[in-house]
Amino acid sequence: MPTRTARTAWNGGLQDGSGQVELSSSKVGTFEVSFPKRAADDAGGTTSPEELIAAAHSACYAMQLSANIAEAGGTPQSLDVTADVSLGPDKAGGFRITGITLKVRGEVEGLDAAGFEKAAQAAKDGCPVSKALTGTTITLDAALA
């Protein structure tokens, strides 16, 4: 299996510095990062580690769920997955990811709501990104559209 790479170039201190995250493996882009914007409600055109984790988690979860639906005898027509990754203070100092909420709405042939919920829960537990984030509480809101 392949290894994927991203690179960050950072200049300055935490509060006055900024950086650029390059998606090196795919070469799809370079994105601005800054701590003040990371900690603000409005990202102001920059990304953050939490947004990148949210992107990775939503994509991974969608792939895993499509596989689980097929294994359960269904056919996924469409899956709309959102991952919300929250940043907050850590009791030990600094910051931590305080939680992740996955929300999925699916159009699926061949599974009822209970079958979809079972496949969705198994995908939450089985997707490689979920496994990598086991120190974080991950909640799921899954329903057929």
Notebook entry, point to check: For the subset of the range 111-126 comprising residues that are exposed (fewer than 15 other Cβ atoms within 10 Å of the Cβ) and either touching a helix residue (DSSP H, G or I) at 6+ places or on another chain (Cβ under 8 Å) or of a type in the set (Asp, Glu) (or both), which member is nearest to ALA62 (Cα to Cα)?
Noted result: ASP125
Margin query: Being at pLDDT 95 or above, among the aromatic types (Phe, Trp, Tyr) and out of contact with any Phe, Trp or Tyr (no Cβ under 9 Å at 6 or more places or on another chain): is that true of PHE95 here?
Written below: no
Next item on the list: Go through the range 92-145 residue by residue and tally those that are closer than 18 Å to SER66 by Cβ and assigned to a helix (DSSP H, G or I).
Entry: 17
Checklist line | The one condition in (1) loosely packed, with under 15 Cβ neighbours inside 10 Å; (2) among the small types (Gly, Ala, Ser); (3) within 25 Å of GLY126 (Cβ to Cβ); (4) over 20 Å from the mean Cα position of the chain (by Cα) that GLY74 fails to fulfil | finding: (1)
Check: Out of the range 75-90, which residues are under 16 Å from GLY115 (Cα atoms) and hydrophobic (A, V, I, L, M, F, W, C)?
Finding: LEU79
Next item on the list: Report the residue count in the range 1-20 for those that are part of a strand (DSSP E or B) and closer than 11 Å to SER34 by Cβ.
Entry: 5
Next item on the list: Select from the range 54-82 the residues that are assigned to a strand (DSSP E or B) and in contact with a Leu (Cβ under 7 Å, 6 or more places away or on another chain) and write down the one among them that is nearest to LEU140 (Cα to Cα).
Entry: VAL81
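The values are calculated or read from the model by the stated rules, or taken from the named source; none is laboratory data. Given the structure is predicted, the values throughout are model-derived calculations rather than measurements. No Cβ is skipped: glycine too gets one built from the backbone with ideal geometry, and neighbour counts run over all protein chains shown.
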